[in-house]
Amino acid sequence: MTMARPTPASRTTLRVLRFDRVQRGAHWANALLFAILILTAIPLYFGSFFGVVLERHTVQEVHLWSGLALPLPLIVSVIGPWGRRMRRDVTRFNYWTRDEVRWLRTLGRSELEAEKFNPGQKLNAIFVAASIAVMLVTGAMLQWFHFFPVSLRVGATFVHDVFSFALTLVIVGHIYMALTRGTLRSMIDGTVSDDWVKRHAPQWLPVTDTEHTPPRQPPLS
């Protein structure tokens, strides 16, 4: 008696954990805060919106406290024993190989076998983290303007506005990529299929992800 070989259609799709609950919680907490900040920034930037929904003072207070709270989910997600996976991913964001730099220089035209995150995802994470810091500092200068000269306040207003628009565009692009590249589910239940890993992150070693595994490619010196 011979056993039939399994066909591709009958193959069981394996799910691989990409983000744990701590990472997903931090992501959605930040997403909520970003949404509040964007929605409250619209009437602050366009004064004609005031009185339609909320008064200016209320909008300012919600915007202020949401901005001050923005770094907290990320900070909480990296401290303590529960932040092991998040800390490892932060290390990945700061680790660049020569192939990744070459991929960026050629605007994605060179071949690349990505690890857990591709260069575009790394740049997105770095930009968002830097933007949070910039927006926090400039926002504080605009809120407590009495402590700063006019020249600094004008500069802070310009930087705050520019980063606001840039960050909004990046977030829209991030949402589009998540919806079209099959990664949204990884921020809902934390998993991706093993086929997705083979196609998009072949250098990632999820089987040994519970322990630190150095990347296969040499780092950028």
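Remarks
- When Arg102 is tested against the conditions (1) within 18 Å of the chain's Cα centre (by Cα); (2) more than 21 Å from Ser164 (Cα to Cα); (3) part of a helix (DSSP H, G or I), the lone failure is (1).
- All positions within the stretch 157-181 that are surrounded by 15 or more Cβ atoms within 10 Å (Cβ to Cβ) and small (Gly, Ala, Ser): Ser164
- Residue in the stretch 159-168 that is in a helix (DSSP H, G or I), without any contact (Cβ under 8 Å) to a residue 12 or more places away in the chain, of a type outside the set (D, E, K, R) and farther than 18 Å from Leu74 by Cβ present: yes
- Filtered residues of the stretch 97-127 (kept if in contact (Cβ under 8 Å) with a residue 60 or more places away in the chain, surrounded by 15 or more Cβ atoms within 10 Å (Cβ to Cβ) and more than 22 Å from Ser186 (Cβ to Cβ)): Thr97, Asp99
- Unmet criterion (only one of (1) over 18 Å from Ala26 (Cα atoms); (2) at pLDDT 90 or above) for Thr91: (1)
- Of all residues in the stretch 1-42 being at pLDDT below 85 and assigned to a helix (DSSP H, G or I), the one that is farthest from Ala166 (Cα to Cα): Ser10
The values are calculated or read from the model by the stated rules, or taken from the named source; none is laboratory data. Every value quoted in this text rests on a predicted model; they were computed, and no experiment measured them. Neighbour counts run over all protein chains shown; Cβ positions are idealised from the backbone, glycine included.
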